[in-house]
1. From the list 281, 275, which one is at pLDDT below 95 and in a helix (DSSP H, G or I)?
2. Just to check your reading of the model, which residue among 227, 234, 254 is closer than 25 Å to residue 104 by Cα and assigned to a helix (DSSP H, G or I)?
3. Please indicate, with yes or no, whether at least one residue in the stretch 28-35 is in contact with a helix residue (DSSP H, G or I) (Cβ under 8 Å, 6 or more places away or on another chain), surrounded by fewer than 16 Cβ atoms within 10 Å (Cβ to Cβ), assigned to a helix (DSSP H, G or I) and free of Cβ contacts under 8 Å to residues at least 40 places away in the same chain.
4. Just the residues that are within 18 Å of residue 73 (Cα to Cα) and buried (at least 17 other Cβ atoms within 10 Å of the Cβ), please, taken from the stretch 226-235.
5. Scan (1) at pLDDT 70 or above; (2) under 29 Å from residue 255 (Cα atoms) for the single condition residue 314 breaks and write down its number.
């Protein structure tokens with residue numbers, strides 16, 4: 001493991017761990033205020049998530065979707081862009097994957113069908129993101145405003161398509177896909193029986209590896225990071241910042257769009273209106289907690305998925321909204337903890353190399 005990779009891994013994971021510890025302390029106070037002992041509540045949370053195969057499978061399923069939206073937003077932030085449109089991009093990508101899976105013949109070889117559906121999801125997500133990219137680079141429109149408004153437009157349009165033309169009788173989803181199925185983990189590990197986790201998680205891991213290599217090992221990734229850190233200096237050095245922004249926003253949308261396969265290809269095998277509600281906005285928190293590092297995003301996605309699933313497990317003891325409060329505390333804690341953690345990591349590396 002190279003020193004650079006190890007340092008990036010430390011900066012991606014350790015701040016998240018620190019933030020989790022702070023959240024646990026604050027969570028203790030909240031739980032005590034409801035007249036419960038923190039120990040049994042946390043034990044129930046862990047038993048309902050990582051303590052049994054079904055709960056763990058649900059955590060992996062939720063983390064997969066959050067990993068895609070988190071990485072999508074992280075790409076934009078690395079380039080100095082705030083893509084708040086992941087909510088509509090993942091929906092558009094999921095619809096594209098579903099329609100291709102419906103149109104493909106059932107006899108299509110599985111690997112080919114999966115690849116075609118993934119490509120369709122990425123192209124559709126990137127296509128939606130291309131709209132704010134063009135408006136920003138050509139007309140100077142602010143990507144935050146455009147992506148927020150585009151969320152309403154795209155989701156409303158998809159809703160109209162489903163309810164008026166594509167839905168099955170007495171339902172709000174499309175027909176079942178004929179090809180492009182991603183097996184659930186229970187087909188390989190029976191202990192996951194009933195859990196929604198599927199092989200989309202492997203796609204998310206592969207995307208994270210490819211994205212890390214792109215960001216930190218390629219010339220294009222260097223230009224993207226340079227444009228995000230100092231756009232004026234990057235432009236002066238010969239980098240076309242507008243071109244970088246265009247490519248970064250489209251890449252961001254493509255990654256979010258691919259996230260739609262988790263539900264469509266791996267879980268229900270059809271597109272359902274509202275299947276990823278909230279995943280795009282929560283992906284912002286995942287990206288921030290993951291420090292815009294693909295591997296940090298994976299860890300943060302697991303953390304938020306654990307809190308989300310754990311909220312259901314602790315509902316018998318305390319309101320499940322406690323988990324939402326803990327998520328907010330993690331976000332605040334990471335903002336406060338990161339500068340100090342970075343200073344400590346830098347100091348420790350200097351001592352080691354001295």
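1. 281
2. Sole residue among the options that is closer than 25 Å to residue 104 by Cα and assigned to a helix (DSSP H, G or I): 254.
3. Looking for residues that are in contact with a helix residue (DSSP H, G or I) (Cβ under 8 Å, 6 or more places away or on another chain), surrounded by fewer than 16 Cβ atoms within 10 Å (Cβ to Cβ), assigned to a helix (DSSP H, G or I) and free of Cβ contacts under 8 Å to residues at least 40 places away in the same chain, one finds at least one in the stretch 28-35, hence yes.
4. 226, 227, 228
5. (2)
The values are calculated or read from the model by the stated rules, or taken from the named source; none is laboratory data. Note that the coordinates shown come from a computational prediction; the quantities given were computed from them, not determined experimentally. Cβ: placed from backbone, ideal geometry, glycine included. Neighbour counts: every protein chain shown.
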